[in-house]
1. Calculate the all-directions average of the projected area of segment A:101-174's alpha-carbon convex hull, and give it in nm².
2. Please work out the C-alpha center-to-center distance from segment B:1-40 to segment B:86-138 and express it in whole Å.
3. Going by average Cβ density within 10 Å per residue, which order do the peptides A:240-252, A:90-102, B:64-76 take, highest to lowest?
4. On a C-alpha basis, how far is the centre of segment A:199-214 from the centre of segment B:46-84 in Å? Whole number, if you could?
5. Antiparallel DSSP bridges in chain B: what percent, to the nearest 5?
6. Could you work out the per residue convex hull volume over the alpha carbons of chain B, in cubic angstrom?
7. How many percent of DSSP beta bridges within chain A run antiparallel, rounded to 5?
8. Compute the distance in nm between two label points, each set 7 Å from the Cα along the Cα-to-Cβ direction, one at B:Arg192 and one at B:Ser84.
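Derivation of every value follows stated rules applied to the coordinates shown; laboratory data play no part. Quick caveat: nothing in here was measured; it's all calculated off a predicted structure. Because the Cβ atoms are built from the backbone with ideal geometry, glycine has one as well, and the counts that use them run over all protein chains shown.
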Amino acid sequence: MNRTIVERQPGYLLHSRPYRDSSALLEIWSRDHGRVGLVARGARRAKSPWRGLLDNFQPLSISWGGKGELKTLRGLESGPLMTPPVGEALAAAYYINELLLRTCMRQDPHPGLYARYTAMLEVLATDQPFEPQLRYFELQLLNELGYGADFYTDCHGDELLPSGVYQFVADQGAVPLLPRDTALNAGDQRDDRTREPVGEKVTGRLLMALAQEQLEDDQLMAAKRLMRVLLRPHLGNRPLESRRLWAVYSKLGKTDAVRH
Amino acid sequence: MALLDGLIRELQRLPGVGPKSARRMAYHLMVHDRDGAQQLAQLMRQAAEEIGHCELCRNLTERDLCDICASSKRNPGQLCVVESAADVQAIEGATDYQGRYFVLMGHLSPLDGIGPEELGMDQLEQRFASGEIKELVLATNATLEGNVTAQYIASLAEPNQISVTRIAHGVPMGGELEFVDGHTLRAAFSSRREFD
């Protein structure tokens, strides 16, 4: 494999874990090289110049080199400092890191998704609602991985009807449901077609709102469920750890007690 | 030489020991210090069997309570929360802190699946509820995870009228500002205090 040298690449730390005595194994998310695995030699030593910089969700400028899949960290500089997300936003930030770790191959560049990641962290650092952005991130992730679904036409190539109810099937996309199938779960016989059904059954209106990035508040729950179904096949067998701990982080709220 | 090879391999479990040092250690013990090897083996077995966690603070000890928790000289109203047993030693060696400790043995780490249960937070919560603790010192590491862990523990202490402090983060003693990294300098600047 070719020896590569990459200088001052913008990126973020997705995850780090201790390696040997004083080193760390890093997974970074870079603009032009996607996810990269790096060995940071001596990063945990008392005098390592990198010690204060190895935090998640901070823009970094990263240099590395080496051959093989695992590269060697050669330089690390801090970018403009960002306020780290807190509470639920922190949980969401860990969640997108875990999504990238689980789904993206190493050295597979996704500049579009990188830009989305950066924008996402900016939203998460503020008090703005982030749920819609999270859905668009998931959708773009699927598209970039090549598993994007058609959100404008159904499986027969017909244009989606906003009020139509569809079932999302992997590899097929939106399959229109006959009127008798649109009666949702037992005891859930609602006339109101504009309310979102549960699970993989969705209205055309929801699919289009997702694709156009115009989700309304009352569509968020249905969008979340749909994306969960679409992402599931790509996440492997283990449940997402960040999801398990969501409740813990949500509890922390937006206090400033320990933040700096 | 299966035994010797096995010994060399097992010695490499130790931090900082690679194949070369492991070989030196093995030869030393077998050639020059058989008695030492016996003692080491015996003590290692005993330690592995008998050392457990202190019932109060989770630190390593072969008794029910560690020396610090058992000592009548320590102030039971002060509790310092740290991430590792090594942190206890560091604070003991460097400060005149006279309270007790609670050792988490890690920090909250969502992507590694380490949550409150793994860190004994339920135990900590019970101690807060008992009313014995008046002051809580959060001495987790100055990393994002360490801060989040501290924040979580502070939220557990909140309902119990406990005064909560976090150890200061900033410019190291003898440090020149120019060479301090941006994160640290920002923390030091934002938590500046009255000059006295």
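1. Numbers: hull surface 26.4 nm².
Projected area, direction-averaged: 6.6 nm².
2. 36
3. A:90-102, A:240-252, B:64-76
4. Here the two parts' Cα centres lie 56 Å apart.
5. Here the antiparallel bridges make up roughly 20 percent for chain B.
6. On the way: hull volume 40.2 nm³, N = 196.
Cα-based convex hull of chain B, divided per residue, equals 205 Å³.
7. Of all bridge pairs located within chain A, approximately 90 percent are antiparallel.
8. Label at B:Arg192, label at B:Ser84, 3.4 nm between them.
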